[in-house]
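The values are calculated or read from the model by the stated rules, or taken from the named source; none is laboratory data. Just so we're clear, the structure is a prediction, and the values are computed from it rather than from any experiment. Here the Cβ positions follow ideal geometry from the backbone for every residue, glycine too, while neighbour counts run over all protein chains shown.
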Amino acid sequence: MDHEISKKLEGKSGVEFWRSLEELADTEEFRTYLTEEFPRQSRPLSLEIDRRRFLILMGGALAMAGLTGCRFLPQQKIVPYVNSPEDVVPGLPLYYATGTTLSGYGVGLVATSNMGRPIKIDGNSKHPSSLGGSDPITQASILNMYDPDRSQTVTNQGRKSDWKSFTDAMSNQLSAYSVSGGEGMRLLTETVASPTLKAQIDDFLKLYPNARWHQYEPINRDSERAGGLIAYGRDVHPVYHFDKADRILSIGADFLGTMAGHTRYALDFANGRRLRTGSSRMNRLYCVESSPTITGAMADHKLALKPSDLYHFALGLASKMGVISQSIALPTSIASWVEAVMKDMVQFHGKSAVVIGDEQPPEMHALGYAMNEALGSFGKTLDLINPIQEGYEDHVKSLKSLTDDMMSGKVSALFIVGGNPAYNAPSNIDFSAVLTKLSTAKNLTVHLSNYRDETSILCQWHIPETHFLEAWGDTRGHDGTLTPIQPLIQPLFDSHSAYELLSVLSGKSMGGYDIVHDQWKSMLRTDHFETDFNLALNDGLVRNSSYAPLKLALRNGWEKEIHLNLFYPAGELEVLFRSDPSAWDGDYGNNSWMQELPKPISKIVWDNPIYVSPNTARKLEVAENDVVSLSLQGRTVTGPISVTPGHADGCVTLFLGYGRTKGGKVCEGRGYNAYLLRSSQAMWQSGGLSITNTGGTHQLVSVRVHYSMEGRDVAHMGTLAQFLLNPQLVGEQTVHENNPGTSLNPQKRGVKSDEYAWAMSIDTNVCVGCNACVTACQAENNIPVVGREQVALGREMHWIRIDTYYNGAPENPNMVFEPIPCMQCEDAPCEPVCPVGATVHSKDGLNQQVYNRCVGTRYCSHNCPYKVRRFNFYKYSAGQPNHAPGEYDNPIMQLLANPDVTIRGRGVMEKCTYCVQRINRAKINAQLQDREVRDGEIVTACQSACPTKAIVFGNLNDPNSGVSQLKAEPQDFSLLGELNTRPRTTYLPRVRNVNPEIPPSMGV
Amino acid sequence: MKMRMDILENQPVETKRDALLEGEQTLETVTHKVSSIVFEWNKHPRAWYVSLLVAFAFLGALTVGVAWLFYKGVGVWGINIPVGWGLAIVNFEWWMAIGQSLLLLSAGLLLMRQQWRKSISRILESTAIFAVMCAGIFPILHLGRPWVFYWLMPLGPNILGLWPQFRSPLVWDVFAMSTFMVVATLYWYMGLIPDIACLRDRTKNPTVQIITGVLALGWRGSARHWRRYQTAYYIVAGLCVAMTISAYSFVSFDFAMSIIPGWHSTFLPVFYVAGAIFEGVAIALTIIIPLRAWYGLQSYITDVHIDWLSKYLLGSNMVIVYGYFAEAFYTWYGGDKYEKLVLRNQMFGHYAPLFWIMMACNLIAPLILWSPRLRRNITIVFIVSIFVNLGMWLERFISLITSLSRSYIPSTWGFYTPSIWEIAVFIGSIGLFLFLMCLFVRFIPLMSLTELKTLLANDEGGKNHSR
């Protein structure tokens, strides 16, 4: 062609424009192409038209013009509701039971659907893993479905493709494998808690007997499994019954915040310490931990020990209890503490429990079983069951063997079903490099995931994974309860579930419903399967399907496997890896609700800090926000320090789930990647860490700067002894001050008895500070996300916040959590100062905010002593100012918005409404049925999310309502009651069940 | 006061030392000097042009600042929860204080028959009106939705369908400001009428003749005019005094009526009015001293005037000193832990450096004026006045910000740092003020001719001449 071009150009002069070399060459092919592509331009209209031809043309044109009037509509599905779907009443929500899985443990859920759009997720009150409560991750998981950053299309080698092309390609490529029996085929899944998926994997392996199945998930139960092997020679899973325990010792176990079943455990724990007049039963929680957790914050006595000391503590306690024969000398500083704890636990034989954290070494788990055995816990406060996961094997070993096989060229097809191993594999297993090599060598690599993440970009095929609200599935709760997962909506994008992928791999291409339905049919084996299946879908679980407790005896010689020291690399400073309260293992990293959720205790948002105790910080000469470089066995990571009271000395805590390089605009480039230090030998803790101050700083953003109560009467705390003496004595020094006395100007406004008087009671004694209420409120009330910079300016929008106060020594402080929604004051100071009357009082006692009347003077916020009002400094709901994620302007995000709650515009004040939309729905319902609203009929979003039922809402004018009874408790107190604002939200004080044998100086 | 019509003659009048008029002054020299500033516009000193240039530059900052604010939202400022009012309200108070106190000074001195007010009254009144105009932009700008600012006005059910909420001090502010603008403009304009008539008679430009002719309201200077004029003038002056004190008390009610520790105090209105006078006197000095120098008005605004103003500064300083001590005493004596913390936080907290600068400016700096020798040094007086302006601005800043940033619940405590856009609007308001001052000097007699001439009459005793 070059030759042709130069020939054409010869003899031409002047400027000649050309669009392509083809045009320039003016070849025959180009002319044909041009004619085909642009027929009109290529064939000029003939101008020689006679009358006859003109009339034909015009007649034809007229006829065509007429035809456009009756053209065919495009083939689109529109939903006019001429035949309304069964049960759908426009404007009324529907509730469906479903479920999800977090790191291998199922949670039963109830999802709210409004006109076909799921808008809210809560715990399933029938499901034993939650009993109606939830946690922030569950609450925020709905945002993952509507996340605009979610992967939306199938891609092949990074180019857009579709599911059809994928299934075609698979049927082509897999046929080659059926001959070899799947030689070189590998399946990599996360922890499998789904019986159906397990059955599919079995089918797959039957079809391809030479294929292999690997599992890896960064937050796994390898340690628990190994512990079971030591103690009983088999894998077991402990299920606790905290409601039956009067004495609980947690050794590094965050059973209220992160442990499998924590939502249920929090409720059981709270039920064991709800102090009311006439019922003073209160459990006592001892907590020994390295990094402060909400479990530690709830403890009556807490000890902060670095991981190796924690292990020694467990050994020492076990030796004192006589469950191991060696005698272990404990440091004198904690010996008396251990002695007192042991005495107390033994006294409550059969009513006490020792809880070992999942992150603790296997030996500790074995010691825990032995101690529980000695305490007579089994069958009472604790049951051992078969692991609920299907075919669980050691994840680290599994991934290691896969990587080795990949490296040695034994793998030619790899199917990664969920998970993100390229990001979260242990750093000494270089999975991503091996995967890159595998993919470039023209092997088959497929990755199914929610986001196009670090692993997806290294694979040939990426399949978007459905959200659990989009696909059929099943799982098992922490006690083994079989839980169906039913979808509420068609997949928003071209997404497919793991079940569908496995079905394709097995050459079946079945739909999700058929897969689950058929599997359950063979699994349940009942006479009335359809009825039972529908019942299970309705309930969200199969009744009585929890696993039966095992009767096991400790293995002979288990003690020999208990080493007296942990195998740590030498070095003074130890390191802990923990799941991040917001990002979890990284799965929720792109969830802006979770990112903006102040982490429990530290209240840091949008970042993962490095926790270090005040003493150690002083010793290492580092301060808050200092960027330090941590190195462990030659690997290095840099991140900002957060000096954390209550952290153990001599160790630092790193949080997983940050430092992402791919996976959405919220998570990318945020924080440090702790996986870079995590190795297969030290998944949770290690010694030998060295730390250097880089000299740089990174401002960690926290929603608050002050942890001291400044001697103020903002949260009442006392001991059980004080409570039993006189409940009013709890926080006694302030009660007199609190009494506003007789007013010289008696209030005329009272609550008429024929009106409702809405009120709330919050029991700070059982509030575990888990944040579920905060996220639930965000989901229910369309609360926008404002982004890190705006939070740094003090402009977060949460309508309910959890105030956390420390008291005592910074090394080991007491903590109290105090959720603060709007107090709905009867004499609300915000109301008289509004110049336009945008905040007014309703007859039933709500302090209402009228958004479209508000002009934004912010005077109401100033005059609110509780500072619960939030202001739209920008149009946050539209993602301003910096395209903050979670904007309700996005068409996908709009589907998430609760239609009963106004989206607020720029420049208006907003605040907690006591979920007025729920109140009014209940009132309308009651009115239709010509009755009063019943107690418990209205459940606010925070209340329904609260795992411990610390929040109670109801009608104050009904003396029998739950809230009235709580407010009649003598220990009930108003926040800043001395201001005479007469809040409708009141509190019950925090009471600690102190062991008198432990000196106050010893870990409070 | 009985007007003396018998001195309207071009007779040189001997002046004594320490007199309110210096040099050989006749009716003609006074008229000529004052009206020439208006008529001979091309003879304005370079300082006027420089001021105008600076004013335009600052106005540019205002335009950009306000445009950005309206485009993006009030979030471009550094305000947050808990500190929802920042520089905007600080500036509002500061400018309001200037306006209220200068008008109070002019009217109060008139009622007290202080002769020395006569050559500075026009400057005081004009400055007062301009300052309140500057103040007036801030309450609108600070709104979350500034385009509906008129919802605060009592336009009633016929227009808006709703009244404002009359219990709110912010609505009282609307009344205070609008009343102020009406009364102040009336008072200022009344003082202007005979002077405008004078301009009307002296100008040769037909356009100016028509404008001044309309504005002079047919003033002919008849004895009957003078008599009624004087009566009305005194009545309006009386109104001004009552109104300025109440209006600034209303501004302080924005704070005093709230329940925030440090704001919630019956003492606050008194303290605010006293502070306003202190600030007003200082700003009067800040404005008069350069004006006098640039326009060569030393014969009219003499060192005696500066001396008197300095003494007023000292007097109001003593009230302020009392105020600070009383506040501290009552905080201690009242025993309220929240109030105590506010005071402790002011003195030793995050904003403590500002507090001590303020104390130096408001308490220490004016003390040097006790020395008559230093008091007569114009440069020193000018510097002191600048210090007091700064000090009083800091006073507003500290009382606003420290109370808001440390209120009842420790977990809600926060900080406030002004953003560049707030500073732009503040500088812009200074630009607006400067611009209005330039216009004033250019178009309106800077001193009241009428009042100045009565000084001549009083000095001489007069002769029976008529024009």
Subject >> Qualifying residue in the stretch B:111-119 (condition: within 14 Å of chain A (Cβ to nearest Cβ), charged (D, E, K, R) and over 20 Å from B:L291 (Cβ atoms)) >> reply: no
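Mind listing whichever residues of the stretch B:174-195 are small (G, A, S) and within 13 Å of B:Q100 (Cα to Cα)?
First, the residues of the stretch B:174-195 that are small (G, A, S): B:176, B:178, B:184, B:191.
Across the stretch B:174-195, the qualifying residues are B:A176, B:S178, B:A184.
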Subject >> Lone unmet requirement of (1) without any contact (Cβ under 8 Å) to a residue 40 or more places away in the chain; (2) within 11 Å of chain B (Cβ to nearest Cβ) for A:G905 >> reply: (1)
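State the number of residues belonging to the stretch B:158-171 that are surrounded by 19 or more Cβ atoms within 10 Å (Cβ to Cβ) and more than 9 Å from every other protein chain (Cβ to nearest Cβ).
0
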**OP:** Determine the pairs where a residue that is basic (K, R), located within the stretch B:148-175, has a partner that is modelled with pLDDT of 90 or more with Cβ atoms under 8 Å apart, the partner being 6 or more residues away or on another chain.
**Re:** B:R167/A:P832; B:R167/A:V833
Subject >> Residue that is nearest to the other protein chains (Cβ to nearest Cβ) [pool: residues in the stretch B:144-154 that are in a loop (DSSP other than H, G, I, E, B) and touching a Lys or Arg at 6+ places or on another chain (Cβ under 9 Å)] >> reply: B:G144
Original post:
With (1) at pLDDT 90 or above; (2) crowded, with 20+ Cβ neighbours inside 10 Å; (3) in a helix (DSSP H, G or I) as the list, and B:S258 as the residue in question, which single condition is left unmet?
Top reply: (3)
Original post:
All but one of (1) buried (at least 19 other Cβ atoms within 10 Å of the Cβ); (2) of a type outside the set (D, E, K, R); (3) away from chain B (no Cβ under 14 Å); (4) under 22 Å from A:L724 (Cα atoms) hold for A:S944; which doesn't?
Top reply: (4)
Original post:
Counting residues that are crowded, with 21+ Cβ neighbours inside 10 Å and of a type in the set (V, I, T), which helices (runs of 4 or more DSSP H) fully inside the stretch A:157-266 reach at least 1?
Top reply: A:195-207, A:222-232
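Table: residues versus (1) modelled with pLDDT under 85; (2) in contact with a Gly (Cβ under 8 Å, 6 or more places away or on another chain); (3) assigned by TED's automatic domain parsing to the domain that holds A:C770.
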site: A:I78; (1), (2), (3): yes, no, no
site: A:L94; (1), (2), (3): no, no, no
site: A:S113; (1), (2), (3): no, no, no
site: A:N124; (1), (2), (3): no, yes, no
**OP:** Inspect the stretch B:21-41 for any residue being outside any loop (DSSP other than H, G, I, E, B), modelled with pLDDT under 80, out of contact with any helix residue (DSSP H, G or I) (no Cβ under 8 Å at 6 or more places or on another chain) and farther than 27 Å from B:W308 by Cα and give the result as yes or no.
**Re:** no
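Please determine, by comparing only the residues of the stretch B:79-110 that are among the aromatic types (F, W, Y) and assigned to a helix (DSSP H, G or I), which one is nearest to the other protein chains (Cβ to nearest Cβ). Explain how you work it out, then say what you get.
Within the stretch B:79-110, the first condition is being among the aromatic types (F, W, Y), and the residues that meet it are B:85, B:92, B:94-95.
Keeping just the survivors that are assigned to a helix (DSSP H, G or I) gives B:92, B:94-95.
Details: B:F92: 12, B:W94: 19, B:W95: 18 Å.
Selected residue: B:F92.
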Original post:
When the stretch A:267-291 is examined, which residues are found to be among the hydroxyl-bearing types (S, T, Y) and surrounded by 21 or more Cβ atoms within 10 Å (Cβ to Cβ)?
Top reply: A:Y286, A:S290, A:S291
Original post:
Of the residues A:D518, A:D539, which single one is surrounded by 16 or more Cβ atoms within 10 Å (Cβ to Cβ) and within 34 Å of the chain's Cα centre (by Cα)?
Top reply: A:D539
Subject >> Hits in the stretch B:384-425 (condition: assigned to a loop (DSSP other than H, G, I, E, B) and basic (K, R)) >> reply: B:R406
Original post:
Just checking, which of B:L309, B:L363 is part of a helix (DSSP H, G or I) and over 30 Å from B:S36 (Cβ atoms)?
Top reply: B:L363
Original post:
How about the stretch A:777-889: which helices (runs of 4 or more DSSP H) wholly inside it have at least 2 residues that are at the interface with chain B (Cβ under 9 Å from one of its Cβ atoms) and without any contact (Cβ under 8 Å) to a residue 40 or more places away in the chain?
Top reply: A:830-833, A:859-863
